[in-house]
1. Just checking, does region 61-68 include any residue being touching a residue at least 60 places away in the same chain (Cβ under 8 Å) and assigned to a strand (DSSP E or B)?
2. Among (1) surrounded by 19 or more Cβ atoms within 10 Å (Cβ to Cβ); (2) farther than 22 Å from residue 5 by Cα; (3) touching a residue at least 40 places away in the same chain (Cβ under 8 Å), which single condition is residue 158 missing?
3. Give me the residue from region 69-91 that is part of a helix (DSSP H, G or I) and free of Cβ contacts under 8 Å to residues at least 60 places away in the same chain and, out of that set, nearest to residue 56 (Cα to Cα).
4. Filter region 65-89 down to the residues that are at pLDDT below 95, surrounded by 15 or more Cβ atoms within 10 Å (Cβ to Cβ) and touching a helix residue (DSSP H, G or I) at 6+ places or on another chain (Cβ under 8 Å) and list them by number.
5. Any idea which residue in region 100-118 is nearest to residue 71 (Cα to Cα), counting only those that are in contact (Cβ under 8 Å) with a residue 40 or more places away in the chain and assigned to a strand (DSSP E or B)?
6. Among the listed residues 94, 7, which satisfies the condition of being buried (at least 18 other Cβ atoms within 10 Å of the Cβ) and in a strand (DSSP E or B)?
């Protein structure tokens, strides 16, 4: 089995959206390398519709620049505040739609799966996820803000799950 792919991982939010693009190959040995990462920061005090548009434009720019093959995104987890959940769902929907119309395959992972893949424990604290991501990708410093570390963690989870799945079905 041979793989040579690029995945964009998204830590969804409507205030700021963490993103990471990671290249990975599998030719008997799995290797991966972060290409770039950052956040899409939306404008405070703007309507949710304006902010969602900022996210869509930001994701489009990243896709244009890095040409990912796949999107890895967390599935939505429980929210106490329905307004926050609704706004996050808007942001999530526009990211998925932006990727879908560009023929980018969409994959979802639970927060538990993501944390388990990078730390070995599905309920790890954010600081452990950040430190693990730094170690996994051999980064000089902890990626900040934590949205960026989460996006890199989502990529790592996807790469491992996707590679194992394809290997088992080859």
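1. Here is the first cut: in region 61-68, the residues touching a residue at least 60 places away in the same chain (Cβ under 8 Å) are 66-68.
Cutting the leftovers down to assigned to a strand (DSSP E or B) gives us none.
For region 61-68, residues touching a residue at least 60 places away in the same chain (Cβ under 8 Å) and assigned to a strand (DSSP E or B): absent.
2. (2)
3. Start the filter on region 69-91 by keeping residues that are part of a helix (DSSP H, G or I), which leaves 82-91.
So of that shortlist, the ones also free of Cβ contacts under 8 Å to residues at least 60 places away in the same chain come out as 82-86, 89.
Numbers: 82: 22, 83: 20, 84: 18, 85: 18, 86: 17, 89: 13 Å.
Result: 89.
4. Across region 65-89, the qualifying residues are 74, 87.
5. 107
6. 7
The values are calculated or read from the model by the stated rules, or taken from the named source; none is laboratory data. From a predicted model like this one, the values you see are computed outputs, not experimental measurements. Heads up, the Cβs are rebuilt from the backbone with ideal geometry, glycines too, and the neighbour counts pull from every protein chain shown.
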